[in-house]
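Asks: Once you've had a glance at the structure underneath, I'll fire off some questions.
The values are calculated or read from the model by the stated rules, or taken from the named source; none is laboratory data. This is a predicted model, so every value here is computed, not measured. Don't worry about glycine lacking a Cβ; one is built from the backbone with ideal geometry, like all the others, and counts go over all protein chains shown. Protein only, heavy atoms only, side chains kept; ligands, DNA and RNA dropped before computing areas. Shrake-Rupley method; radii C 1.70, N 1.55, O 1.52, S 1.80 Å.
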Amino acid sequence: MDTAQLPLVIVDAANTVGSVPDGWWRDRRGATERLRDALAPLAATGLPARAGVPDWAQHGPLDIVLVVEGAARGVASVPGVRVVAAPGSGDDLIVDLAARAARETPDRPRLVITADRELRARVAAHGAEVAGPRSVRP
């Protein structure tokens, strides 16, 4: 199936990894790979039914995009999760992805996973819903 037809979930990797004090700062790339691997099965099943997660995102399949930056730029995609490396600001790329989806497929549901208040406001201006990192963390 063409992923452009699936509901879109964009995950702010740096913000989501940083939401749990588990030593991620010692190995940012490894922490991002663990997040990617935890997201992969959710592409088929949907996100857990948690506060802030819209009903449509609780059912698969989903198009999950993990936006990485900095030390995590070398993280590869896996089945179920497309990893996109930001050439500069990860936040700017997330806004660009949400805005592009709104222009190209306006009826496509869009959810951005982040706790960053400014980023939440920026993507909401493009019609994306938002949920916090706990919505996808084990």
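Asks: If I filter the range 91-106 for residues that are farther than 13 Å from L39 by Cβ, in contact with a strand residue (DSSP E or B) (Cβ under 6 Å, 6 or more places away or on another chain) and either in a loop (DSSP other than H, G, I, E, B) or not aliphatic (A, V, I, L, M) (or both), do I get at least one hit?
Replies: No; the residues of the range 91-106 include none that is farther than 13 Å from L39 by Cβ, in contact with a strand residue (DSSP E or B) (Cβ under 6 Å, 6 or more places away or on another chain) and either in a loop (DSSP other than H, G, I, E, B) or not aliphatic (A, V, I, L, M) (or both).
Asks: Do we find a residue being hydroxyl-bearing (S, T, Y) and surrounded by fewer than 16 Cβ atoms within 10 Å (Cβ to Cβ) anywhere in the range 31-43?
Replies: So far as the range 31-43 goes, no, none of its residues is hydroxyl-bearing (S, T, Y) and surrounded by fewer than 16 Cβ atoms within 10 Å (Cβ to Cβ).
Asks: Got at least one residue in the range 73-85 being charged (D, E, K, R), over 21 Å from R134 (Cβ atoms) and at pLDDT below 95?
Replies: yes
Asks: So R117 passes all but one of these: (1) crowded, with 20+ Cβ neighbours inside 10 Å; (2) farther than 14 Å from P54 by Cα. Which condition number does it fail?
Replies: Tallying (1) crowded, with 20+ Cβ neighbours inside 10 Å; (2) farther than 14 Å from P54 by Cα, R117 fails exactly one: (1).
Asks: Based on what the data block shows, is A51 at pLDDT below 95 and either among the aliphatic types (A, V, I, L, M) or assigned to a helix (DSSP H, G or I) (or both)?
Replies: Yes, satisfied.
Asks: Quick one: A115 ticks every box in (1) outside any helix (DSSP H, G or I); (2) out of contact with any helix residue (DSSP H, G or I) (no Cβ under 8 Å at 6 or more places or on another chain); (3) touching a residue at least 60 places away in the same chain (Cβ under 8 Å) except a single one, so which number is it?
Replies: Going through (1) outside any helix (DSSP H, G or I); (2) out of contact with any helix residue (DSSP H, G or I) (no Cβ under 8 Å at 6 or more places or on another chain); (3) touching a residue at least 60 places away in the same chain (Cβ under 8 Å) one by one, A115 breaks only (2).
Asks: Name the residue that is least open to solvent (accessible area, probe 1.4 Å), counting only residues in the range 62-99 that are over 18 Å from R28 (Cβ atoms) and free of Cβ contacts under 8 Å to residues at least 12 places away in the same chain.
Replies: D96
Asks: Would you please list the contacts, defined by Cβ atoms under 9 Å and residues six or more apart or on different chains, that run from a residue in the range 119-130 that is under 12 Å from R108 (Cα atoms) to a residue that is part of a loop (DSSP other than H, G, I, E, B) and open to solvent by 70 Å² or more (accessible area, probe 1.4 Å)?
Replies: Short answer, once both residue conditions are applied: G127/P106.
Asks: Here's something else I'd like to know. From the list V112, V136, which residue is at pLDDT 95 or above and closer than 16 Å to D63 by Cα?
Replies: Numbers: V136 fails: at pLDDT 95 or above.
Exactly one of V112, V136 is at pLDDT 95 or above and closer than 16 Å to D63 by Cα, namely V112.
Asks: Next up: Suppose we keep only residues that are in contact with a helix residue (DSSP H, G or I) (Cβ under 7 Å, 6 or more places away or on another chain) and of a type in the set (G, A, S) within the range 19-49. Which one would you say is nearest to E69 (Cα to Cα)?
Replies: Checking each candidate, the answer is A31.
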